[in-house]
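Accompanying notes for the structure given below.
Please treat every number below as a calculation from the coordinates, not as lab data. Quick caveat: nothing in here was measured; it's all calculated off a predicted structure. Note that each Cβ is placed from the backbone with ideal geometry, even for glycine, and that neighbours are counted across all protein chains shown.
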Amino acid sequence: MVENIYNQLSEHMKEIMLLGNAMGILGWDMRTYMPSEGTMQRAQQLALLSGISHERLVSEKTANLLKKSGALDLTSLQKRNLELWQRDYDQETKLSVDLVKKLTMQRSITEKLWEKAKAKSDFKMVQGELEKLVGLVKEQATALNPDKPMYDVLLDLYEKNITEAMIRTYFSELKKGVMKLLEKTRNIELNPDILKIHVSVAKQKDLSKFIIKFLDMPTKRSRLDETAHPFTTGYADDIRITTNYLEKEPMASFYSVFHEAGHGLYGLNLPKEHRWTAVGQSTSMGIHESQSRFVENIIGKNPVFLEYAIPKIKEIAPEFKKIETKDFINAVNAITPSKIRIYADEVTYNLHVILRFEIERELFAGKISVGELPQVWNTKMEEFLGIEIKDDAEGVLQDVHWYGGNLGYFPDYALGNIYNGQMLYAMEKKIPDWNDQLSIGNATNILNWLDINVHKKGFLYDPADLVKEITGELPDAKYFVKYMNEKFGKIYKL
């Protein structure tokens, strides 16, 4: 009796997950290979599928199976699945199918128009559609919980149980650490521009293959393609990662592939025995970003890894041959305020995220309007990084997130740094010679540690609880600040 009812629920929820997975792949196609005129058709397809998924989740069948399963004598694992499924059901029942479909369609329309607006560096081209999208997101937040601040509701969609006040506390310590390090390194010049040389897309693709091989990503279960803004999607045996190649900035794609591969490894390594269940999913977007940024920065930008990798990079792209190894390492790790978040250095990157967090907070508090976003953005870039933004493409249009409806996501990038800094110190206790291993091109034990301690945990824990399970403490920015000071203290000889 127990297994029969629970298995019925599990199979029912699997079908809903499969629909979500199919929508993810359609979204991948929209951003990679879909003909440019197919936007409205794809928007209708995704809206239809989102409506079907929503109706299945909020159906009487789901309610009955959840209720009956709740009365059973379940294992702790089954109870966790039931808790997460109930959470999804409770959330989704607060939304109308009409709103779900409208939101899905508007996301597709706004995102595709963003691509055109960015190409022409003209925010006004997309402003009207973004206003519609933000309006729908506000409607969604109010429907989910009219008693909570809208921004807290949105943050919780990506990072369970977190609030704007908690993020402000984390980011306060993080920002202080960043600003102190910036002050110490301000007058020490390392030149990142030496890496801005012309390297063909063909050679950059070979560099990407080097990364995929180094990280031992299974190519029969994953693929790499090109897009306007790098992202990762998919699940289990079908993971899609993407990058964007710039012929005059070859290291941009090099590190975006590292980053997206970190996301991809997480998706590939989720517990096979729990596939298509709630526990078989990733924990949160903050934990996801901790994995992508661990692989990109703690591994990929590590000076000892670069000493191993640079000769191989030069073999693939001889254009780098005249650059000394030390200068190459310094260029990769130079702390230099820049305009574009995804190409920012490891330290000032955090300021890019905090800036976006502050803008989102003000937007959903009603302090600024969508039409004011470009000016607010430019003012904060001057305030945070001392940089003048000259056009919309290098300003408010640089990231896809808002135009895809992912409002409340940005803080997860810096939360990911906070989490992975703390994970690093836990890992060092188990693998004290990890740097020595990395120096000879061996990341196996490091990746295995991430797999066992993060990936294979799936969604057994909510984000803060997972960090505590791994490290023995709740999230604390001090570990990432310590990591920054130690790493850049050596590079800058502070």
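At a glance:
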{"quantity": "Over the chain: helical MRE at 222 nm, DSSP H runs n ≥ 4 each giving -39500 (n - 2.57), nearest 500", "calculated": "-20500 deg cm²/dmol"}
{"quantity": "Full-extension gain in nm, ILE5 to LYS322, via 0.36 nm per residue minus C-alpha separation", "calculated": "107.4 nm"}
{"quantity": "Percent antiparallel among DSSP beta bridges (both partners in the chain, rounded to 5)", "calculated": "45"}
{"quantity": "For segment 2-147: rounded, prolate or oblate by the Cα gyration tensor [a/c cutoff 1.5]", "calculated": "prolate"}
{"quantity": "Nitroxide proxy distance, nm - points 7 Å out along Cα→Cβ at ASN21 and ILE452", "calculated": "2.8"}
{"quantity": "Two-site label geometry, ALA236 and ASN161: point separation in nm, points 7 Å out along Cα→Cβ", "calculated": "2.8"}
{"quantity": "Likely footprinting exposure, ARG80, ARG56, fewest C-beta neighbours within 10 Å first", "calculated": "ARG56, ARG80"}
{"quantity": "3J(HN,Hα) from dihedral phi, segment 430-446, Karplus parametrisation 6.51/-1.76/1.60, rounded to Hz, x for glycine, proline", "calculated": "8, 10, x, 9, 4, 5, 5, 5, 5, 5, 9, x, 10, 9, 4, 5, 5"}
{"quantity": "Which of ASP436, ASP156, ASP392, ASP238 has the fewest Cβ neighbours within 10 Å, and the rest in rising order", "calculated": "ASP436, ASP238, ASP156, ASP392"}
{"quantity": "Other-chain or far-sequence residues with amide H under 5 Å of GLY280's (modelled H)", "calculated": "PHE459"}
{"quantity": "Cα gyration tensor, segment 164-491 - rounded (a/c under 1.5), prolate or oblate", "calculated": "rounded"}
{"quantity": "Gain in span if fully extended, ASP225 to LYS94, counting 0.36 nm per residue against the direct Cα distance", "calculated": "43.5 nm"}
{"quantity": "Virtual paramagnetic centre 7 Å along Cα→Cβ of GLU315, amide N under 17 Å, in segment 210-224", "calculated": "210-216"}
{"quantity": "Relative contact order, percent, the chain [alpha-carbon distance under 8 Å, six or more residues apart]", "calculated": "19"}
{"quantity": "Links that overshoot a 23 Å alpha carbon limit, given the list LYS203/LYS339; LYS102/LYS272; LYS138/LYS175; LYS390/LYS490; LYS196/LYS380; LYS196/LYS390", "calculated": "LYS203/LYS339; LYS102/LYS272; LYS138/LYS175; LYS390/LYS490; LYS196/LYS380"}
{"quantity": "Centroid-to-centroid separation of segment 209-225 and segment 226-296 [C-alpha atoms, Å]", "calculated": "11"}
{"quantity": "Distance from segment 374-430 to segment 94-171 (C-alpha centre basis), Å", "calculated": "16"}
{"quantity": "Gained length - PHE210 relative to TYR33, 0.36 nm times residue gap less alpha-carbon distance", "calculated": "61.3 nm"}
{"quantity": "Burial ordering of ILE323, ILE25, ILE470, fewest other beta-carbon atoms within 10 Å first", "calculated": "ILE25, ILE323, ILE470"}
